[in-house]
Amino acid sequence: MLYYFTASDKNAQKHLKDTIESPYYLEPYLHLLEKEDPGIVNKLKVHHKDKYVHMWGATPGSGNIGRWGRLKNGDKVLVYSQGTFLYYGTILEKTHNKTVAENVWGKDNKNQTWEYIYFIKDLKSISIEKKKFAAFFNYKLNFNPQGFNNINKEKLQATLSRYANIDEMIKSLNQNFIISTDENEEDNFQASTDSDFSKVDTTQIKEEPVNRKRPKTVNSQTIWDRDSKIAKMAIKKAGFKCEIDSSHDTFISDSSDNPYMEAHHLIPMKVQHEFKNSLDVVGNVVCICPNCHRKIHLAKPKEKKALLIKLFLEREATLSKYALNIELHHLLSFYGIS
């Protein structure tokens, strides 16, 4: 399992500095640990963490206690503070000790302490903005990490299916993943697509692999960009009909004088780093009505899955012509569906 905890308020910022940014000098409290949890000190000694160790804790509360109870040695944890995930590590051990917590962190304004303690090994510095994190794991972009929590199990399993293990997944997120304009500027992209189609020539479409483009820098942010000309060719090729259901009516666009449709990259641009060939090709862009488009992004997984299966079955052969060869479960994983 992959957990995260937040450290954004005044107390947590101090604790972050004291027991995460640097390992904490725990040796003076070993006798207190052993008194409440016989054997815990030996477990720390095995890993040479009985003197200095990275550690964190949770205050009492049904949510925290239950989650702490499910925490296992070897689980992974992310450390979040003020908009960015800063560290990534592995759970070493856990123990419940109110006295040690009070000595290490004191008490909060509710007279509680962070007594549900867990020790962390192999802590590494990372830098993952929360918006990038949300896009990667298929949360809404306004996702705001809170307290001590775990990544949604289905979203985690769907994303993890494309990686050897959680370590490789986080490495890719930290080093390779680039947020795309479909997450960042969807409305602007659809607006640029909804314009005059009279000069769009679908005879120019070539069903063949296209080399991946370089990322683009916009307002100091690196993104995978999309070409509205590609989207317009896909919409015109589809005859301005929804590829989910051609009977879906919309309205006549004032800008194009055609039925209003939207372009959607079936294999999302956000996973471009996993493909050597471009995802911004006509064969990967589907023409769908606004309602179906919102469903693909916002519907419950079961309804979203049905739409994606239909589109995939109709596009699988075309995708292979562009050397975008994937299986259905692979596609679903991009949308956080396992």
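Laboratory data are not the source of any read-out in this text; all were calculated from the coordinates shown. Not measured: the values here are computed from a predicted model. As a convention, Cβ positions derive from the backbone with ideal geometry for all residues, glycine included, and neighbour counts pool all protein chains shown.
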- Could you tell me whether the stretch 2-170 comes out rounded, prolate or oblate from its Cα gyration tensor? Rule is a ≥ b ≥ c as square roots of the eigenvalues, rounded for a/c under 1.5, then prolate if a/b exceeds b/c, otherwise oblate. prolate
- Query: From the Cα gyration tensor of the stretch 194-263, with a ≥ b ≥ c the square roots of its eigenvalues, which class applies: rounded if a/c is under 1.5, or else prolate if a/b is larger than b/c, or else oblate?
  - Reply: prolate
- Specify which residue in the list TRP68, SER320, THR193 is farthest towards the positive end of the charge dipole of the chain, using unit charges on the beta carbon of Lys, Arg (+1) and Asp, Glu (-1), about the Cα centre. TRP68
- Listed pairs LYS236/LYS300; LYS270/LYS302; LYS171/LYS232; LYS241/LYS321; LYS213/LYS241 exceeding 25 Å between Cα atoms: LYS236/LYS300; LYS171/LYS232; LYS213/LYS241
- Item | Pairwise label distance in nanometres, GLU274 with TYR52, each label 7 Å out on the Cα-Cβ vector | 3.9
- Quick one: of LYS107/LYS155; LYS72/LYS276; LYS155/LYS237; LYS45/LYS132; LYS237/LYS295, which pairs are farther than 31 Å apart, Cα to Cα? LYS107/LYS155; LYS72/LYS276; LYS155/LYS237; LYS45/LYS132
- Query: Between ARG212 and GLU36, what is the label-to-label distance in nm when each label sits 7 Å out along the Cα-to-Cβ direction?
  - Reply: 4.8
- Task: Compute the relative contact order of the stretch 2-170 as a whole-number percentage, counting only Cα pairs closer than 8 Å that sit 6 or more residues apart in sequence.
- Result: 27
- Message: Please compute, over every Cα-Cα pair in the stretch 34-130, the percentage with a separation greater than 24 angstrom.
- Response: 23
- Item | Alpha-carbon centroids, the stretch 225-303 and the stretch 79-129: separation in whole Å | 44
- Rh (Kirkwood; distinct C-alpha pairs) - the stretch 135-286, Å: 17.4
- Item | GNM flexibility winner over the chain from TYR163, TYR88, TYR118 (Cα, springs under 10 Å) | TYR163
- Acute angle (nearest 10 degrees) that the helix 10-19 long axis makes with the longest principal axis of the chain, alpha-carbon atoms: 70
- Could you work out how far apart the two model spin labels at THR250 and GLN175 are, taking each label as a point 7 Å from the Cα in the direction of the beta carbon, and quote it in nm? 4.1
- Solvent-free Debye scattering, log10 I(q)/I(0), computed from the Cα coordinates of the chain at q = 0.06, 0.09, 0.11 Å⁻¹: -0.29, -0.58, -0.77
- With a Förster radius of 56 Å, plug the Cβ-Cβ distance of GLN157 and GLU27 into 1/(1 + (r/R0)^6) and report the FRET value to the nearest 0.05. 0.90
- Dipole magnitude of the chain, debye to nearest 20 (Cβ charges: Lys/Arg +1, Asp/Glu -1, about Cα centre): 640
- Isolated Cys in the chain, by beta carbon distance under 4.7 Å: CYS287, CYS292
- Item | In sequence order, calculated HN-Hα J values of the stretch 300-316 (Karplus, 6.51, -1.76, 1.60; Hz; x Gly/Pro) | 5, x, 4, 6, 4, 4, 4, 5, 5, 4, 4, 5, 5, 4, 7, 10, 3
